[in-house]
Every structure is written in structure tokens, then in C-alpha cells.
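The values are calculated or read from the model by the stated rules, or taken from the named source; none is laboratory data. These numbers come from a predicted model, not from an experiment. We place every Cβ from the backbone using ideal geometry, glycine too, and count neighbours over all the protein chains shown.
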Amino acid sequence: MNKRKIYNVTSACAKLIKTFAKQGHTHVVFNALFYRNGKKLNSIENAAIANFSPLVISYDKSENPDKVKIEFKSADDNILIWSKVFEFHDADSELPKTLAGFNGLGEAEVNDLVQRKFSEMERSKELERLSAELTKSQALNEELQYQVSDMQASLDAKKQIEYYSSVIGMALPGLAKFFTGTPVGSAINFLSGVEEATQLDAGKEKDPNQREAILELIQTFCKSLSNQELGTMYLLLSEIEKDKAVLKTILDLITQNNPSPQS
């Protein structure tokens, strides 16, 4: 017997038992007769109603009936108070619950269910499509952000080069005139992008390589330093050797600490 149905039997009878006292029945017993395929099985006879539910459930498990007859009698005069036969069909319990919901549904209801199912499938496909587009857009957005950052870094570097080039271009030509005709003047003109106004005599030996002239200028400057200043220069060059980017920081510091002259 289906467990759910036997519990329905005990629940219905339990409510009935509560009414007996109000009807004046103070001593009531019950009988439970179990059947399967029309054959009588073991039964409960003249049992106290206080034990109704546990006894019926226990016998249901052992006998596995498809029908049970419940009787309530007065213990004093053996008069039948209430009786009912409960029949159970295993085929009913074996029906899928999903099919049970279609009992009595008309064509309109069935069409509505089909339409709702179809709409759910369409929403699921649309959700998958939108999710794929979102993932693609996010990847494209990340790529564009990387390109923008790279272009911004290149632009900033270009601006820095142009700035320092303009500083050198403005400062060095003014110094070059004090070294006209010397290797130092040739080197300064090379850095500033300006050719010397006065050319050396044709028979005079040409100026040394401009790079060598710059190195000679630096060497001459270092020789003019005191021991303490030379030691400081050595430490400075040591740091620059570790990281040549320090040159930019030093130049930036110098130009910031020396404001341009008023026009």
C-alpha cells in the first residue's frame, strides 16, 4: 500500500476518534481488516483506539494490502459506531507525478504550457548569446585600454624628449659662442643642432670627432674638481651606471630648480 495513502487513512481516523467522546462513547475499540487481491490477510481486532495509528501503520508494512476496512465499536455493548473500506490501487501510485498534473487539462491549457516551455528555451538561447557578446566586448575593451595606455606612454615620452631638446637647443647655442673655433664649441654646436658661424682655415687640421670632444669636455671638467667634489661626482656616476634612467631624473630636477628667465 502506498505510504502516503495509509497516512491519510490514519490522519482521517484520528480526527474521527476525537469526536467519540463528544458523542458519549467513552470506551471505544477498533478493528482493521486487511486484504490483497480479494484475500483476507492478518487483521487487528478489538484494539484500543489510543494505539490506532502505530498499529495500522505497522500492519500495513507487514501485510502490504491493497484494501483495508476500519471499524470502530463500543467496548461496552459491541455496537458498531463507524465503518469504512479504503481501497488502494498501486497503478495510481506508479503514475508519474508530471502526468497527474495533466488530468482534466484542455487544449488551451496544454497549448499554454507548450508556449511557456518554448519561451523559456528562447530566453535561454538569448541569454547565452548575450553572455558570449559580453565576454567578447570585455576582451575587446581590455585590448583597447592596453593600446590607449601604450599610446599615452609613447606620447608622454615624446613630449619629454621634445621638452629637453628645446632646453638644450636654447641653452647651448649661447654657450657655443664662447668656445668658437675650439673642440668644445664644435661639440656644443653638435648638441644644439647649430653649425659654427666661422669655419677654420682650409689648411688647418679638422676638429676631432664631436663625441670625443664631449668626452674631453667632461674629463676637463672633472679634473677641475676638488677631491670632495670629485668623490661626489664618482658616486653620482656610479648611480647613473646602475640605472641610466637616473639621468632624466637629474635633468628634470635641474630644470625645475632653475626657473626660466623672465622675458
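Looking at Ile254, Ile188, which one is closer than 30 Å to Lys158 by Cα, modelled with pLDDT under 85, loosely packed, with under 13 Cβ neighbours inside 10 Å and of a type in the set (Val, Ile, Thr)? Spell out how you get there, then give the answer.
Details: Ile188 fails: loosely packed, with under 13 Cβ neighbours inside 10 Å.
Result: Ile254 is the single residue among Ile254, Ile188 that is closer than 30 Å to Lys158 by Cα, modelled with pLDDT under 85, loosely packed, with under 13 Cβ neighbours inside 10 Å and of a type in the set (Val, Ile, Thr).
Tally up the residues in the stretch 26-65 that are touching a Ser or Thr at 6+ places or on another chain (Cβ under 6 Å), not in a strand (DSSP E or B) and not small (Gly, Ala, Ser), please.
Summing the residues that are touching a Ser or Thr at 6+ places or on another chain (Cβ under 6 Å), not in a strand (DSSP E or B) and not small (Gly, Ala, Ser) in the stretch 26-65 gives 1.
Can you confirm whether Glu71 is modelled with pLDDT under 90, of a type in the set (D, E, K, R) and in contact with a strand residue (DSSP E or B) (Cβ under 7 Å, 6 or more places away or on another chain)?
Numbers: modelled with pLDDT under 90: no; of a type in the set (D, E, K, R): yes; in contact with a strand residue (DSSP E or B) (Cβ under 7 Å, 6 or more places away or on another chain): yes.
Here the answer is no, as Glu71 does not meet what is asked.
Does Phe30 satisfy being buried (at least 17 other Cβ atoms within 10 Å of the Cβ), without any contact (Cβ under 8 Å) to a residue 40 or more places away in the chain and over 60 Å from the mean Cα position of the chain (by Cα)? Walk me through it before giving the result.
On the way: buried (at least 17 other Cβ atoms within 10 Å of the Cβ): yes; without any contact (Cβ under 8 Å) to a residue 40 or more places away in the chain: no; over 60 Å from the mean Cα position of the chain (by Cα): yes.
No: the conditions fail for Phe30.
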